[in-house]
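These notes are about the structure you will find just below.
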Ligand SMILES: Cc1cc2nc3c(=O)[nH]c(=O)nc-3n(C[C@H](O)[C@H](O)[C@H](O)COP(=O)(O)OP(=O)(O)OC[C@H]3O[C@@H](n4cnc5c(N)ncnc54)[C@H](O)[C@@H]3O)c2cc1C
C-alpha cells in the first residue's frame with residue numbers, strides 16, 4: 001500500500017511521540033512508524049524516570065537549555081496529559097571535601113544553565129531531608145521530579161492520535177529512497193510505502209543507521225548499557241526523593257543512584273558500560289553485584305531481600321568509549337538531504353527535554369513551510385482510572401457503578417479487572433502483555449505476575465477470543481505459549 005504524508009516520524013519513543021503531539025497542533029498529515037508493537041519499547045521504557053533540573057549538562061549545550069526548559073513545563077504537561085508526576089527534589093551526596101568542591105562547581109554550572117534553587121546542604125540538613133542517607137553533606141535541587149515514562153509516552157501518543165496522527169506498530173523502516181519530486185519514499189517491514197516531504201528520525205539507538213538509510217552517513221551511535229535493580233514497595237518509606245552520588249568524571253552516566261518511582265518502588269542503578277550490540281539488554285552478575293554495594297553505601301538500610309527485579313537501558317552515545325562523557329544532542333535538518341530532520345545521540349536528559357526537542361523540530365519545519373494551526377486541537381488527555389490512587393469513598397462509588405472495579409486481578413499493585421480491560425482496549429490498539437503491564441501496572445509487583453498473568457491471559461482468551469498461542473509478551477517472537485497441555 002502506498003500512502004502520501006506531510007511528515008513521517010520514525011520511532012515511537014518519548015521523543016517521537018513528543019514530536020508527533022507537537023506537530024498534531026497543525027494542519028499536517030502525520031504518521032509515526034514504530035518497529036515494536038507499542039510505544040516506549042526502546043530507551044524511553046528503560047531509564048531512571050527522573051525529570052532532571054539541568055545542572056549536569058555543560059553550560060551552553062542544547063542538553064542543558066532543553067533540559068531546563070523541559071523541566072519548567074513538565075508538571076503542567078503531566079497534569080494536562082494525566083501522567084503520574086511528583087516534584088520530589090533531589091540530593092547529590094558528598095562523601096569527602098573533594099566531592100563538596102565538585103558540588104559547588106555543579107551549582108555554578110547549574111546557575112549558568114538557569115536552574116533554580118540549587119544549594120549546598122550540611123550533614124545535619126542532609127539527615128533531615130533524607131534520613132538514613134550517609135554523607136558529610138550535599139547539594140539540594142528542589143526542581144527535580146519523578147514521573148512514569150511509559151504512561152508519558154502512551155499519553156503523548158494517545159493525545160497525538162486524538163489530534164489526527166496515525167500510529168503504525170510492527171512497522172520497521174527498512175529502506176528510504178528519494179522520488180523525483182523531492183519526496184522521501186519510506187518502506188516498512190509491514191509492506192507499506194509512505195511518501196513524505198519531512199522525514200523525522202527519532203530512532204534512538206538506530207538513529208545513525210536510519211540516517212545512513214536516508215543518505216546521510218557519518219554518525220555512529222556507541223551503545224552504553226546501564227543496569228538496574230528494582231526494589232519492592234516495602235522499601236518506599238526509606239527514600240522520599242532521588243539520591244545521587246556527587247558527579248565523577250567517567251564514561252558519561254550520573255553514577256549509581258537510588259530513585260523512588262511514581263509507582264512506589266525504588267530503583268538502584270544505572271551502571272555505565274560500553275557494549276557492542278544496541279539490543280543487548282542483559283543484566284550481568286559482575287555489574288549487578290557492585291551496583292547493590294554502591295547503593296548501600298548511600299543508603300545502608302536497603303537489604304537484598306527487597307530486590308524484586310532488574311532491567312537494563314542503553315544510552316545512545318555519540319561520545320566513543322575512548323572519549324567518554326557527553327556529546328551534545330544533534331537536532332537538525334541535514335543540508336545534504338533537505339527535509340530529513342535528524343535527532344541523534346538523544347541520551348539523558350532526553351525525556352525531560354522531549355517537549356522542547358519537539359518544539360525545535362517544529363520550528364525547523366516552520367522556517368521552510370508555513371504551518372497553520374488547527375482550530376480543534378485538543379491539548380488534554382485523560383487516561384483510565386488508577387484505582388489504587390483513589391480514596392476509599394471514591395473506590396466504593398466506582399465499585400457500585402461497575403463491579404469489575406471490585407475484582408482485583410493484580411494483588412501486589414491492587415489493579416482491578418476494569419483497569420485491565422481499559423488497558424486491553426487501549427486507544428493505540430497496542431496488543432501485548434507489556435502493553436497491559438505498562439498501562440495498568442499489573443505484573444510489576446513482588447510476585448512478578450505469578451498471580452495476575454494467568455488471569456490476564458484468561459481474559460484475553462475467554463473474553464476477547466484471542467488464541468493463546470498468539471499472545472506475546474512484547475513484539476513478535478515473544479509468544480508466551482507453544483501449545484496446550486489439556
Ligand atoms: C540508563 C538510562 C537512564 C536514563 N535516565 C533518564 C532520566 O532519568 N531522565 C531523562 O530525562 N532521560 C533519561 N534517559 C534518557 C532517555 O531515556 C532518552 O533520552 C529517551 O528515552 C530517548 O527517547 P527516543 O524516543 O529518542 O528513543 P527510544 O525511546 O529508543 O525510541 C526510539 C524508537 O525507535 C524505534 N525504531 C528504531 N529503529 C526503527 C526503524 N528502523 N523503524 C521503526 N522504528 C524504529 C525503536 O523501536 C524505539 O521505539 C536515560 C537513558 C538511559 C539509557
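Values quoted throughout were computed directly from the atomic coordinates according to the rules given, and no laboratory measurement underlies them. From a predicted model like this one, the values you see are computed outputs, not experimental measurements. As a convention, Cβ positions derive from the backbone with ideal geometry for all residues, glycine included, and neighbour counts pool all protein chains shown.
A few remarks follow.
- Where labels lie 7 Å past Cα in the beta-carbon direction, separation of residue 281 and residue 59 in nm: 4.0 nm
- Taking 0.36 nm per residue of sequence separation and removing the Cα-Cα distance, the residue 393/residue 305 pair yields an extension gain of 28.2 nm.
- Between residue 111 and residue 134, the modelled label-to-label distance comes to 3.2 nm, taking each label 7 Å out from Cα in the direction of the beta carbon.
- Dividing the mean sequence gap of close Cα pairs (under 8 Å, 6+ apart) by how many residues the chain holds gives a relative contact order of 19 percent.
- The overall shape of the chain is oblate: from the C-alpha gyration tensor, with semi-axes ordered a ≥ b ≥ c, the ratio a/c is 1.5 or greater and a/b is no larger than b/c.
- Relative packing of peptides 312-318, 381-387 - highest average C-beta neighbours within 10 Å first: 312-318, 381-387
- Tensor-based shape of the stretch 387-470 (alpha-carbon gyration tensor, a/c under 1.5 rounded, otherwise prolate or oblate): prolate
- Residues residue 482 and residue 76, FRET efficiency given R0 of 45 Å [Cβ-Cβ distance, rounded to 0.05]: 0.40
- Quotient of Cα Rg and 2.2 N^0.38 Å for the stretch 299-426, N being how many residues it contains: 1.66
- Annotation: the antiparallel percentage among DSSP beta bridges lying fully within the chain is about 70.
- MRE, 222 nm, helices only [DSSP H, n ≥ 4, -39500 (n - 2.57), over the chain, to nearest 500]: -9000 deg cm²/dmol
- Projecting label points 7 angstrom from Cα along Cα→Cβ for residue 464 and residue 174 puts them 2.7 nm apart.
- The separation of the stretch 82-140 from the stretch 348-384, counted between C-alpha centres, amounts to 32 Å.
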